[in-house]
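**Student:** Quick one: this structure, given as structure tokens, is what I'll be asking you about.
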Amino acid sequence: MSTSQKLSVVERIKTNSDALRGTLKESLTDDITGSLREDDQSLIKFHGLYQQDDRDRREERSAKKLEWLYSYMIRLRLPAGIMTPQQWIGLNHIAGEHSTGTIKITTRQTVQLHGILKSHIKPAIQSFNTLHLDSIAACGDVNRNVIYSAHPATSPLHKEIEDYATWISEMALPKTRAYYEIWLDKEQILNKEEETDPLYQDRYLPRKFKIAIAVPPDNDVDVFGNDIGLIAVIDNGKFLGFNIAAGGGLSTTHGNASTYARVGSMLGFVSGKENILKAVYEIITIQRDFGNRSDRKLARLKYTIDRIGVDNFRTELEKRCGFRLEPAKPYSFKYRGDHFGWQRNQDKTWNYTVFTENGLVKDDTSCALKTGLYALAEQGKVMFRFTCNQNLVLSDIKDKDKEDVIKLLSQFGIDAHTEKAGMLRRNAIACVAFPTCPLALAEAQRYLPALISKIEPLLSKHGLENDEIYLRMTGCPNGCGRSYLAEIGLIGTAYGKYNLHIGGDRLGERLNLKYRENLEEPAILETLDALFEQYANEREPGEALGDFAIRRKLVGGNFVTA
Ligand code: SRM
Ligand code: SF4
């Protein structure tokens with residue numbers, strides 16, 4: 001243990017949980033309440049679910065002396081974010097039968113369903129199981145969904161490297177059979193030794209853990225915002241191995257100066273499947289053994305690395321691995337957004353990337369997105385790939401099928417919806433926030449589209465409407481929309497108020513810094529108007545907004561770059 005301080009409450013819950021079973025079975029059958037017993041609310045996260053309530057209805061429920069309107073969010077484990085059309089059809093049905101009906105593509109390349117009532121959790125999980133989908137370890141103090149560059153067309157080696165996402169995800173799955181017993185009614189395990197877990201033991205990790213794989217030239221996964229960032233090194237058309245960065249993390253807590261966002265530190269280069277997996281595994285064990293288990297605010301790997309020091313961390317890693325890391329090899333990112341519309345792959349198949357504003361798949365007056373995607377899945381000629389920018393790539397389309405896909409894209413207005421989205425909007429991200437996120441201080445996905453409609457005229461006024469600018473909004477400083485890696489970050493401080501950060505770079509290698517505090521909408525618009533004017537008039541040729549903000553010292557001090 002790294003600290004002699006008192007363990008946090010969650011540590012006790014984990015070790016006393018009987019391998020994540022807790023009293024979940026009892027909590028589920030208690031129909032007096034829509035909620036779970038307290039400890040089970042922590043444990044259910046390891047099964048990929050969160051207890052939530054409808055925050056829009058809290059006051060009304062409290063006034064009527066009713067329990068809050070509890071429901072559950074499920075998040076799927078989906079390494080590299082890929083689904084077959086059959087799985088999309090199933091997901092669509094499950095969304096309709098058990099949740100609000102809206103499918104939410106997340107910033108970690110998977111999907112969430114919200115508003116699932118307690119009695120619907122088990123049927124929903126059982127239905128997912130028939131589709132070979134699960135939510136094991138999608139949340140909780142374990143390795144989460146392993147994300148992977150989403151665009152097959154940008155690198156000829158995309159398919160070759162893709163399997164690492166699944167290999168790592170499977171290597172880092174908890175060994176407990178609790179998920180199968182509780183949700184799928186599998187027989188209770190009698191010999192507990194069968195689920196001995198050398199990686200997680202009985203205490204799991206001190207905190208959530210995230211791994212991303214980037215395939216240059218794309219950094220669409222924001223590789224430096226992850227606990228482990230693997231950057232594929234490609235030379236002369238050959239995949240050589242990965243540069244490994246560690247200790248990225250994008251959350252802070254307002255008013256707690258010991259918390260900070262951090263980009264991952266480069267540890268070195270590793271080649272060969274066995275050594276790559278070993279290095280990833282041992283980084284996780286170091287965090288397991290040295291991470292802070294007293295203060296959950298300081299428990300992520302970024303704090304462990306800063307406490308130990310990057311060089312000592314590398315030495316410990318090499319000791320555990322039994323081999324040395326080579327110095328990091330050259331790589332070059334060129335783009336971090338999604339490549340919308342049609343793209344041709346090396347294997348002569350096609351992709352069409354659909355704009356999915358803030359990841360919300362539903363029908364509205366301008367586009368029957370959900371119905372259209374269902375029709376495309378029924379047609380069976382596309383694969384579904386989620387992006388970490390909350391969009392969707394319809395991939396693996398054969399030449400002979402392209403016309404059929406075009407017909408459906410047009411019939412449901414999906415192509416028009418994608419093409420008409422302006423540059424700022426299509427690159428923007430907003431987290432969930434209200435009404436389901438219990439930690440939200442301000443709106444995000446319900447508000448950003450309207451705010452962008454007010455920012456777009458300002459861009460046009462200064463001739464910037466076709467510029468590539470990355471704007472991201474989060475309802476609190478946890479950074480779920482990776483707002484600290486944006487050129488413009490809006491970070492909720494209170495209802496209707498945001499800190500405005502600027503100075504992040506276009507490629508996701510430098511964090512932004514706070515520019516203005518607690519702005520309401522009129523002040524946001526006024527500040528951006530002035531910023532855009534200055535940028536339009538004074539930028540150097542080709543200079544990105546974030547780089548301009550740094551060169552002109554609009555935000556000061558220590559710029560943190562990967
Ligand atoms: Fe997140 C907690 C939503 C990506 C940092 N995040 C939450 C919870 C579960 C709130 C809670 O703890 O009860 C949110 C659920 C809202 C809801 O109603 O659905 C939530 N996070 C999301 C998603 C859905 C945002 C989205 O709109 O896409 C993303 C789901 C990703 C996934 O599929 O796994 C999501 N969260 C992120 C990211 C971005 C990333 O990983 O690339 C971050 C910043 C990166 C990082 O981890 O450093 C992020 N979420 C957090 C944190 C702060 C963690 C920390 O280090 O302190 C919390 C709060 C916590 O863990 O205590 C949090
Ligand atoms: Fe909730 Fe904050 Fe994450 Fe947004 S950033 S989903 S408000 S925890």
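The values are calculated or read from the model by the stated rules, or taken from the named source; none is laboratory data. Being a predicted model, the structure only gives us computed values, none of them experimental. Using ideal geometry, Cβ is built from the backbone for each residue, glycine included, and neighbour counts are taken over all protein chains shown. The protein model used for the area step is the full one, side chains on, heavy atoms only, and it has no ligands, DNA or RNA in it. Shrake-Rupley method; radii C 1.70, N 1.55, O 1.52, S 1.80 Å.
**Student:** With the structure loaded, tell me whether Leu205 is of a type outside the set (Val, Ile, Thr), open to solvent by 60 Å² or more (accessible area, probe 1.4 Å), touching a residue at least 40 places away in the same chain (Cβ under 8 Å) and within 16 Å of ligand 1 (Cβ to nearest atom) or whether it fails that test. So that I can check it myself, show each step before the final result.
**Tutor:** Numbers: of a type outside the set (Val, Ile, Thr): yes; open to solvent by 60 Å² or more (accessible area, probe 1.4 Å): no; touching a residue at least 40 places away in the same chain (Cβ under 8 Å): yes; within 16 Å of ligand 1 (Cβ to nearest atom): yes.
Spelling it out, it is not the case that Leu205 is of a type outside the set (Val, Ile, Thr), open to solvent by 60 Å² or more (accessible area, probe 1.4 Å), touching a residue at least 40 places away in the same chain (Cβ under 8 Å) and within 16 Å of ligand 1 (Cβ to nearest atom).
**Student:** Now a separate question. Select from the stretch 68-85 the residues that are open to solvent by 40 Å² or more (accessible area, probe 1.4 Å) and either within 16 Å of ligand 2 (Cβ to nearest atom) or modelled with pLDDT under 95 (or both) and list them in ascending order.
**Tutor:** Of everything in the stretch 68-85, just one residue is open to solvent by 40 Å² or more (accessible area, probe 1.4 Å) and either within 16 Å of ligand 2 (Cβ to nearest atom) or modelled with pLDDT under 95 (or both), namely Arg75.
**Student:** When residues of the stretch 140-159 are filtered for being surrounded by fewer than 22 Cβ atoms within 10 Å (Cβ to Cβ) and touching a strand residue (DSSP E or B) at 6+ places or on another chain (Cβ under 6 Å), how many remain?
**Tutor:** Here the count works out to 3.
**Student:** Something else about it: Within the stretch 417-466, work out how many residues are under 19 Å from Asn391 (Cα atoms), within 16 Å of ligand 2 (Cβ to nearest atom) and open to solvent by 20 Å² or more (accessible area, probe 1.4 Å).
**Tutor:** Result for the stretch 417-466: 5.
**Student:** Looking at Leu301, is it closer than 11 Å to Phe242 by Cβ and open to solvent by less than 30 Å² (accessible area, probe 1.4 Å)? Outline the logic, then answer.
**Tutor:** Numbers: closer than 11 Å to Phe242 by Cβ: no; open to solvent by less than 30 Å² (accessible area, probe 1.4 Å): yes.
No.
Rundown of residues vs (1) farther than 17 Å from Ile103 by Cβ; (2) assigned to a helix (DSSP H, G or I); (3) of a type outside the set (Val, Ile, Thr), yes/no style:
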{"residue": "Lys381", "(1), (2), (3)": "yes, no, yes"}
{"residue": "Asp401", "(1), (2), (3)": "yes, yes, yes"}
{"residue": "Leu409", "(1), (2), (3)": "yes, yes, yes"}
{"residue": "His417", "(1), (2), (3)": "no, yes, yes"}
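**Student:** Kindly state which helices (runs of 4 or more DSSP H) lie completely within the stretch 29-138 and contain at least 2 residues that are aromatic (Phe, Trp, Tyr).
**Tutor:** Numbers: elements: 38-43, 58-63, 85-98, 118-130.
Counting at least 2 such residues, we get no helices (runs of 4 or more DSSP H) at all.
**Student:** Here is a check on your reading of the model: is Glu378 free of Cβ contacts under 8 Å to residues at least 24 places away in the same chain and either surrounded by fewer than 18 Cβ atoms within 10 Å (Cβ to Cβ) or not polar (S, T, N, Q) (or both)?
**Tutor:** Numbers: free of Cβ contacts under 8 Å to residues at least 24 places away in the same chain: no; either surrounded by fewer than 18 Cβ atoms within 10 Å (Cβ to Cβ) or not polar (S, T, N, Q) (or both): yes.
Judged against the criteria, Glu378 is not a match.
**Student:** Scanning the stretch 478-503 for residues that are of a type in the set (Gly, Ala, Ser) and in contact with a strand residue (DSSP E or B) (Cβ under 6 Å, 6 or more places away or on another chain), which turns out farthest from Asp547 (Cα to Cα)?
**Tutor:** As a first pass, look at the stretch 478-503 and keep what is of a type in the set (Gly, Ala, Ser): 479, 481, 483, 486, 489, 492, 494, 496, 503.
Subsequent filtering for residues that are in contact with a strand residue (DSSP E or B) (Cβ under 6 Å, 6 or more places away or on another chain) retains 481, 483, 486, 489, 492, 503.
Values: Gly481: 21, Ser483: 16, Ala486: 11, Gly489: 14, Gly492: 24, Gly503: 6 Å.
Out of the qualifying residues, it is Gly492.
**Student:** Looking for whichever is in a helix (DSSP H, G or I), without any contact (Cβ under 8 Å) to a residue 12 or more places away in the chain and among the hydroxyl-bearing types (Ser, Thr, Tyr) here; the options are Tyr164, Tyr180. Which one fits? Outline the logic, then answer.
**Tutor:** Values: Tyr164 fails: without any contact (Cβ under 8 Å) to a residue 12 or more places away in the chain.
None of the others qualify; the one that does is Tyr180.
**Student:** For the stretch 229-335, please list each of the helices (runs of 4 or more DSSP H) lying entirely inside it that holds at least 2 residues being over 23 Å from Arg482 (Cβ atoms) and more than 16 Å from ligand 1 (Cβ to nearest atom).
**Tutor:** Answer list for the stretch 229-335: 273-290, 310-321.
**Student:** While we're on this one: Can you tell me which residues in the stretch 14-50 are more than 19 Å from Asp134 (Cβ to Cβ), open to solvent by less than 50 Å² (accessible area, probe 1.4 Å) and within 14 Å of ligand 1 (Cβ to nearest atom)?
**Tutor:** Ser35, Leu36, Ser42, listed by residue number.
**Student:** Test each condition in (1) over 26 Å from Tyr352 (Cβ atoms); (2) in contact (Cβ under 8 Å) with a residue 24 or more places away in the chain; (3) not in a helix (DSSP H, G or I) for Leu458 and report the one that comes out false.
**Tutor:** Condition (3) is where Leu458 drops out.
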